[in-house]
Amino acid sequence: VWGDVLDVGEVGADDDFFALGGHSLLATRVTHRLGAALGTHVPLHLVFQHPTLTELAAQLGIPGESRPPIPVAPRAANPDGTITFPATSGQKRLWLLCGLDPQANLAYTLNGGARISGRLDVPALAKAVEEVAHRHEILRTTLREENGEVVQVVHPVWSGNWSSSADPQSAEAASDPEATRTYDEEQLLAEWRHSTVDLAEGPLFRTRIVRCADDAHLLLLSLHHTIADGWTLSLLLEEIAAAYTALGAGRSLPPAPVLQYGDFAHARAAEPTTADDAGLAHWLRHLAGAHAPDLPTDHPRPAVRTHNGEAIAVELSAEQVGEVARRTGTTAFAVVATALTVVLGALSGSRDVTIGIPTSGREHPDTAGVLGFFTNTLPLRRVLDPKATLAQTLRTTHDALVAAHRYAETPFEEIVRHAVPATEGHTRSPLFQTMLALNEAPSRNLRLPGLTVDRLDIPPAGTQFDLSLHLEQGEKAITGYLTYNTDLFADSTARLLPERLASV
């Protein structure tokens with residue numbers, strides 16, 4: 001299982017999962033595979049606590065609890081053909097945020113795509129996208145309020161407007177020899193990432209095929225976070241590729257999956273988190289007395305929280321990070337998280353630093369192939385000890401991450417509701433103002449037969465927090481981008497954070 005998930009050859013009994021290139025999302029896949037093979041639930045935190053094959057195998061010998069499958073919810077169509085499901089706590093939070101500040105829609109939009117070189121069958125690709133949207137209810141979903149409650153609304157038909165004949169750059173206009181062919185990729189991508197949506201009107205999943213030349217096209221994708229996460233984007237690209245390949249070969253597509261995101265939401269609504277939940281109790285202890293550090297800003301903080309932002313590129317040395325992780329028996333995430341908290345502590349003058357970290361939210365193995373918004377955000381608090389050695393500091397961070405994964409199923413909204421005073425204002429995000437995401441999604445590559453495809457990374461046009469660091473680990477470099485709130489920081493100030501992070 002390890003060799004397959006990590007895409008490596010033989011794995012030794014004493015090899016470390018994270019030293020072989022593993023991270024939390026790959027660990028999640030390992031737990032899904034092992035759980036299916038053993039017929040039991042394999043908690044994610046076990047991989048972090050026991051990262052070698054020998055250690056993990058010993059833990060798997062201990063009887064665990066099996067998890068019942070997620071039941072398929074009843075479906076009753078409304079008169080207009082739509083189907084409604086309860087909204088998850090995460091969807092409700094984003095509905096509120098985007099209602100208070102429409103600019104938040106840009107911050108909570110996943111953009112992606114690909115440059116495609118070769119003889120692309122444009123109608124087949126368009127058909128593949130439509131078929132995938134038909135297979136997954138969440139891609140045809142919007143939100144609305146009913147009797148004071150936010151609900152999901154699944155529409156019978158997807159209207160993602162994947163191309164427009166009025167656009168001289170579109171695939172449909174490609175056959176018109178008189179059409180203007182001026183092409184500015186930078187401007188096109190800027191317009192795409194700045195295009196917003198209405199959560200009630202939709203569509204929340206949009207695509208566009210752009211013809212650059214006879215043998216060069218762009219595929220652009222946009223999904224609002226209320227219906228998707230990084231894992232979803234990866235699954236979506238895989239399914240589009242599979243559908244395109246099947247259509248080209250004249251094969252029929254497999255039936256739509258039985259389990260959909262609405263089923264997960266329906267099951268979650270039936271199991272609310274209570275105040276005596278063990279996970280919630282852990283988080284309340286973890287955050288007792290915590291104070292989010294106040295970073296110095298270039299501009300006064302607005303009276304109401306905003307999401308206006310820009311992105312700058314970030315690059316760290318994967319070799320240096322990996323070496324420190326191996327030497328201290330920790331992980332790349334622990335190294336980067338520790339460095340970030342040290343930088344934030346120095347900037348704020350506080351030793352008590354809390355940052356946000358995303359988890360997949362897919363602890364249940366049934367969710368592995370389901371598209372939707374599963375990501376849960378957790379507060380990682382570090383109280384820095386100036387007398388501690390580097391190894392001690394990293395181990396403390398690592399232990400905090402293990403505990404976070406042990407209690408990762410406690411919804412962030414419940415943590416906030418119980419840990420944040422009701423009197424706290426709306427000028428900033430509760431609990432933390434800086435997010436760190438490392439390897440937040442599996443591979444986002446699109447593979448189409450007979451074509452050369454290069455991934456397009458398109459950062460959001462807003463920022464979810466004051467500072468959000470999104471990184472992906474490669475063999476030689478850890479790359480990504482930092483989004484920063486332009487109402488608080490000047491560009492020159494924001495660029496200091498990656499520099500200081502690299503130096504630490």
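Summary of values
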| read-out | value |
| --- | --- |
| Charge dipole (the stretch 320-476, unit charges on Cβ, about Cα centre) - positive-most of LEU456, MET435, VAL353 | VAL353 |
| Cβ charges +1 (Lys, Arg) and -1 (Asp, Glu), total dipole of the chain, debye | 680 |
| Environment charge at ASP466 (Cβ cut-off 11 Å; Lys +1, Arg +1, Asp -1, Glu -1) | +1 |
| Gain upon complete extension [ARG351, ALA270; 0.36 nm per residue less C-alpha separation] | 25.1 nm |
| Residue-wise HN-Hα coupling along the stretch 452-458, computed from phi with Karplus coefficients 6.51, -1.76, 1.60 (Hz; x: Gly, Pro) | 9, 10, 10, 5, 10, 9, 10 |
| Cα gyration tensor category, rounded, prolate or oblate, for the stretch 273-503 with a/c compared to 1.5 | rounded |
| Extension reserve of the GLU191-ALA36 stretch, reckoned as 0.36 nm per residue once the Cα distance is removed | 51.4 nm |
| Long-range amide H partners of VAL314 with built H, under 5 Å | GLY480, TYR481, LEU482 |
| Whether the stretch 29-162 is rounded, prolate or oblate, judged on the alpha carbon gyration tensor where a/c under 1.5 counts as rounded | prolate |
| Residues with amide H under 5 Å from that of THR109, placed H, sequence gap 5 or more | HIS225 |
| Test item: Cα-centred dipole of the stretch 2-60, Lys/Arg +1 and Asp/Glu -1 on Cβ, debye | 300 |
| Helical contribution to [θ] at 222 nm, DSSP H n ≥ 4, -39,500 (n - 2.57), averaged over the chain, rounded to 500 | -10500 deg cm²/dmol |
| Mean Cα-pair separation over length for the stretch 1-113, i.e. relative contact order, pairs under 8 Å, 6 or more apart, % | 19 |
| Net lengthening on full extension, GLU146/ALA290 (0.36 nm per residue, minus Cα-Cα) | 48.2 nm |
| Residue among VAL132, GLY99, THR88 farthest towards the positive dipole end of the stretch 55-149, charges placed on Cβ | VAL132 |
| Ranked packing of 218-225, 133-140, 191-198, most packed first, by mean Cβ within 10 Å | 218-225, 133-140, 191-198 |
| Three-way shape label, the chain, alpha-carbon gyration tensor, a/c 1.5 | rounded |
| Per-residue HN-Hα couplings for the stretch 255-267 [Karplus 6.51, -1.76, 1.60; θ = phi - 60°; Hz; x = Gly/Pro] | x, 5, x, 5, 7, 10, 4, x, 5, 4, 5, 5, 5 |
| Magnitude of the charge dipole, the stretch 198-350, Cβ model with Lys/Arg +1 and Asp/Glu -1, debye to 20 | 100 |
| Cross-link reach list, aspartates and glutamates versus LYS476, counting only Cα pairs under 13 Å and skipping chain neighbours closer than eight places | GLU315, GLU319, GLU323 |
| 15 Å beta-carbon shell around VAL72, net charge (K/R +1, D/E -1) | -1 |
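Every read-out reported here was derived from the displayed coordinates using simple, explicitly stated rules and does not represent laboratory data. This structure is a prediction, so every number in the text was calculated from the model and none was measured. Note: ideal-geometry Cβ built from the backbone for every residue, glycine included; neighbour counts use all protein chains shown.
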